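First up is the structure itself, then whatever we jot down about it.
The values are calculated or read from the model by the stated rules, or taken from the named source; none is laboratory data. Since the model is a prediction, treat every value here as computed from it, not as a measurement. Virtual Cβ from ideal backbone geometry, glycine too; neighbours counted across all protein chains shown. These accessible areas exclude ligands, DNA and RNA; they are computed on the full protein's heavy atoms, side chains included. Shrake-Rupley method; radii C 1.70, N 1.55, O 1.52, S 1.80 Å.
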Amino acid sequence: MGSEVGCMISEGPWIFIGVTNAVRALNTQTSLDLSLDGPVGLVYALVVGNEMLFAGTQDGRILAWKFNVVGNCFEPAASLIGHLRAVVSLVIGAGRLYSGSMDETIRVWDLTTLQCIHTLTDHKSVVMSVLCWDQFLLSCSLDQTVKVWVATESGNLEVTYTHNEEHGVLALCGMHDAQGKPVLFCASNDNTVRLYDLPSFNERGKIFAKKEIRAIQIGPGGLFFTGDGTGELKVWKWIANEATSA
């Protein structure tokens, strides 16, 4: 890639890779290789929604592109300005774009107008990951908390529950176990991933690693994957009578 890779996602035939000062767009069907300019510094987060590609950048902006079918290229669509430091997490849900930043805030953007409609300031350190699940927004931070947000009647988001951890939380991921029960994965900087039943937050189990697990990905058929700082990728599968099995 020619530089450090900050993130990578796939969408249809496209693989989008966040690098320093650019997003690389690779089409796996046509071998088209595009470089989308505009980012300043490393691109930490990417997400696709409302027919746009969004990139969270080191300088605090969120850049958006739309694909031009005629020109077979991505065209700049918007620059979302508000965060004061790097944007490190992005997620889309219910017509909203949620962005977590090193400035300790979460911003909520309307996907139609691309305007910031809320700024959430309850975290006290870097917001590492945001997750939409049903009607809830979940967020985690290096402030050692996981927060559950819910929309009020006025449309604002309020914290309905704060779960305290003993270490900073790096990543969140959610899936259903073999019985279809919702389980939240919380990767912490003590080299573990804790599994919690929702909505009770009762601890279900723990995954250990030699270094920090920063990547958790859900796969088909009850599979999920964890990647840690040693370069080790583990494949896990839910089984009916135990929490996890390698």
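Sum up the charges of everything whose Cβ sits under 12 Å from the Cβ of residue 118, counting Lys and Arg as +1 and Asp and Glu as -1, but leave residue 118 out.
Its environment carries a net charge of -1.
Tally up the carbon and sulfur contribution to the accessible surface of segment 20-133 as a whole percent, 1.4 Å probe, everything protein left in place.
49 percent
Once you put a point 7 Å from the Cα of residue 133 and another 7 Å from the Cα of residue 4, both along the Cβ direction, what distance in nm separates them?
3.0 nm
Counting pairs of alpha carbon atoms under 8 Å apart in space and at least six apart in sequence, what relative contact order in percent does the chain give?
Relative contact order of the chain: 8 percent.
At what distance in nm do the modelled label points of residue 73 and residue 160 sit from each other, each positioned 7 Å from its Cα along Cα→Cβ?
4.6 nm
Between segment 1-59 and segment 222-238, what is the separation of their alpha carbon centroids in Å?
What the calculation gives is 23 Å, centre to centre.
Largest first and in whole Å, what are the equivalent-ellipsoid semi-axes of segment 1-90 based on the Cα gyration tensor, each being the root of 5 times an eigenvalue?
20, 14, 11
Please state the charge dipole magnitude for segment 114-246, taken about the Cα centre, from unit charges on C-beta atoms (+1 on K and R, -1 on D and E), reported in debye and rounded to the nearest 20.
That gives segment 114-246 a dipole magnitude of about 380 debye.
How charged is the neighbourhood of residue 18? Take every other residue with its Cβ under 11 Å from the Cβ of residue 18, and add Lys/Arg as +1 and Asp/Glu as -1.
Cβ neighbours under 11 Å give a net charge of 0.
With contacts defined as alpha carbon pairs under 8 Å and 6 or more residues apart, what's the relative contact order of segment 143-200 in percent?
Across segment 143-200, relative contact order equals 25 percent.
Might you tell me the accessible area per residue for segment 91-246, computed with a 1.4 Å probe and given in Å²?
About 48 Å² of surface per residue is accessible.
How large are Rg and Dmax for segment 85-228 when only the alpha carbon atoms are used, in Å?
According to the Cα coordinates of segment 85-228, Rg and Dmax are 14.8, 46 Å.
I'd like the antiparallel share, as a percent to the nearest 5, of DSSP beta bridges with both residues in segment 14-74.
So the antiparallel bridges amount to about 100 percent of the total.
Among 167, 179, 126, which residue has its Cα furthest toward the positive end of the charge dipole of segment 106-241, with +1 on Lys/Arg Cβ and -1 on Asp/Glu Cβ?
179
To the nearest 20 Debye, how big is the dipole of the chain about its Cα centre, given +1 on the beta carbon of each Lys and Arg and -1 on that of each Asp and Glu?
Dipole magnitude for the chain comes out near 280 debye.
Carbon-plus-sulfur fraction of the accessible area of segment 177-221, 1.4 Å probe, in percent?
49 percent
Efficiency by 1/(1 + (r/R0)^6): what FRET value for residue 190 and residue 28, r their Cβ-Cβ distance, R0 = 41 Å, to the nearest 0.05?
Calculated value: 0.65.
Shape call for segment 179-246 from the C-alpha gyration tensor, a ≥ b ≥ c root eigenvalues: rounded (a/c under 1.5), prolate (a/b greater than b/c) or oblate?
It is oblate, given that a/c is not under 1.5 and a/b is not larger than b/c.
What is the sum of charges around residue 187, taking Lys and Arg as +1, Asp and Glu as -1, for the other residues whose C-beta is under 12 Å from the C-beta of residue 187?
Result for the local shell: 0.
Taking the Cα centre of segment 1-129 as origin, work out the dipole magnitude from +1 charges on Lys and Arg Cβ and -1 charges on Asp and Glu Cβ, in debye rounded to 20.
Computed about the Cα centre, the dipole is about 140 debye.
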